[in-house]
Amino acid sequence: MLEVVVVGAGPSGIGVSIILQKMGVNFTILDRNNVGSSFLKWPKQMKLLTPSFFSNTFKMIDLNAITYDTSPALTLQTEHPSGQEYAAYLKKLSEHFKLPIQGNTNVDSVSKKDDVFTIKTNKGEIKSKYVVWAAGEFQYPKIHSFPGSKHCTHNSLISNWEDVQGEEFFVIGGYESGMDTAINLAARKKRVLIIDKDNLLSTEDIDPSRTISPYTKDRLRKVNTDNLIEFHTGKRSK
């Protein structure tokens, strides 16, 4: 029986597994695809919002690093990695640390009796003392979250914005994914109306979940010189 089963081979799963390995814990990683598979599904043009670089001379790690003394900036030689690039960084870490990853393994159910977890997969059962659930949200989009959503295309289903047909679009949601969608459409000379109950562009907050990143604001200013992007929010943006 294992001590720990980690479900998911993305940043959280790989990061916690490296710590477990350094602690000498007996564990395995399960992923229904392979390392960084969520990032490999990102649209071709999507990039990480947070920049990759060493922040100062006190040897603080790269903002996008998931383990000490590694740097996507140095590994990938880019400041804002794409999904493909970040998946490559995760794969290099998994290979360097020789992590025990079981790919193409789908978790069907997790149950607990006394102090033992039973994880049922398409390849059989695994028992462990602990389970770390590290499956990312990108793999589980809420496709039908409101009436009429069946007529919409969720942005997680876009593999390349160059392939999107049409000239005018409504984007429902004005946070980072919605802004990224609008920016990519406007960059291709398509007209966009963003609909959201809040006006996050004018919100100032140190909590990044309550405002739009500077990187996104820079891209928005650059692409919206012809006012192809408009906003319909609870509070009008200027």
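What number goes with the only condition from (1) within 29 Å of Lys217 (Cβ to Cβ); (2) in the same structural domain as Asp31 (by TED's automatic domain parsing); (3) not charged (D, E, K, R); (4) not in a helix (DSSP H, G or I) that Ala87 does not pass?
Of the numbered conditions (1) within 29 Å of Lys217 (Cβ to Cβ); (2) in the same structural domain as Asp31 (by TED's automatic domain parsing); (3) not charged (D, E, K, R); (4) not in a helix (DSSP H, G or I), the odd one out for Ala87 is (4).
Restricting to the range 186-201, and then to whatever is closer than 16 Å to Trp161 by Cα and over 23 Å from the mean Cα position of the chain (by Cα), can you tell me which residue is surrounded by the fewest Cβ atoms within 10 Å (Cβ to Cβ)?
Lys189
For the range 113-145, name all the residues that are among the basic types (Lys, Arg) and either in contact with a His (Cβ under 6 Å, 6 or more places away or on another chain) or exposed (fewer than 11 other Cβ atoms within 10 Å of the Cβ) (or both).
Those that are among the basic types (Lys, Arg) and either in contact with a His (Cβ under 6 Å, 6 or more places away or on another chain) or exposed (fewer than 11 other Cβ atoms within 10 Å of the Cβ) (or both): Lys113, Lys142.
Considering the range 172-211 alone, what residues qualify as being among the β-branched types (Val, Ile, Thr) and over 23 Å from Leu40 (Cα atoms)?
Within the range 172-211, Ile172, Val192, Ile194, Ile195, Thr203, Ile206, Thr211 qualify.
With a cut-off of at least 2 residues that are within 22 Å of Ile212 (Cα to Cα), name the strands (runs of 3 or more DSSP E) lying wholly within the range 108-178.
Once the strands (runs of 3 or more DSSP E) in the range 108-178 are filtered for at least 2 residues that are within 22 Å of Ile212 (Cα to Cα), what remains is 168-172.
With more than 18 Å from the chain's Cα centre (by Cα), surrounded by 14 or more Cβ atoms within 10 Å (Cβ to Cβ), in a helix (DSSP H, G or I) and not assigned by TED's automatic domain parsing to the domain that holds Ala187 as the only criterion, which of Ser17, Ser12 stands out?
That would be Ser17, the only listed residue that is more than 18 Å from the chain's Cα centre (by Cα), surrounded by 14 or more Cβ atoms within 10 Å (Cβ to Cβ), in a helix (DSSP H, G or I) and not assigned by TED's automatic domain parsing to the domain that holds Ala187.
One residue is enough: does the range 72-87 have a residue meeting the conditions charged (D, E, K, R), farther than 30 Å from Ile126 by Cα and loosely packed, with under 15 Cβ neighbours inside 10 Å?
no
Test Ala87 against the stated conditions and say whether it is modelled with pLDDT of 95 or more and of a type outside the set (Asp, Glu).
Yes, satisfied.
Could you grab me the full set of residues in the range 117-144 that are touching a helix residue (DSSP H, G or I) at 6+ places or on another chain (Cβ under 9 Å), farther than 17 Å from Ser17 by Cα and hydrophobic (A, V, I, L, M, F, W, C)?
Phe138, Ile143
Determine whether Ile183 is touching a His at 6+ places or on another chain (Cβ under 9 Å), aliphatic (A, V, I, L, M) and buried (at least 19 other Cβ atoms within 10 Å of the Cβ).
Criteria not met by Ile183.
Quick one: what pairs do we get from the range 91-118, first residue within 20 Å of Leu40 (Cα to Cα), second loosely packed, with under 11 Cβ neighbours inside 10 Å, C-beta under 8 Å, 6+ apart or different chains?
Thr105/Asn122; Asn106/Asn122
Any residue that is surrounded by fewer than 13 Cβ atoms within 10 Å (Cβ to Cβ), touching a helix residue (DSSP H, G or I) at 6+ places or on another chain (Cβ under 7 Å), without any contact (Cβ under 8 Å) to a residue 60 or more places away in the chain and in a loop (DSSP other than H, G, I, E, B) - is there at least one of those in the range 202-210?
Yes, that holds for at least one residue.
If you check every pair at least six apart or on different chains, which have Cβ atoms under 7 Å apart with a residue in the range 40-64 that is not assigned by TED's automatic domain parsing to the domain that holds Lys91 first and a residue that is at pLDDT below 90 and surrounded by 14 or more Cβ atoms within 10 Å (Cβ to Cβ) second?
If the second residue must be at pLDDT below 90 and surrounded by 14 or more Cβ atoms within 10 Å (Cβ to Cβ), no pairs are left.
The values are calculated or read from the model by the stated rules, or taken from the named source; none is laboratory data. Quick caveat: nothing in here was measured; it's all calculated off a predicted structure. Positions of Cβ are generated from backbone atoms using ideal geometry, with glycine treated the same way; all protein chains shown enter the neighbour counts.
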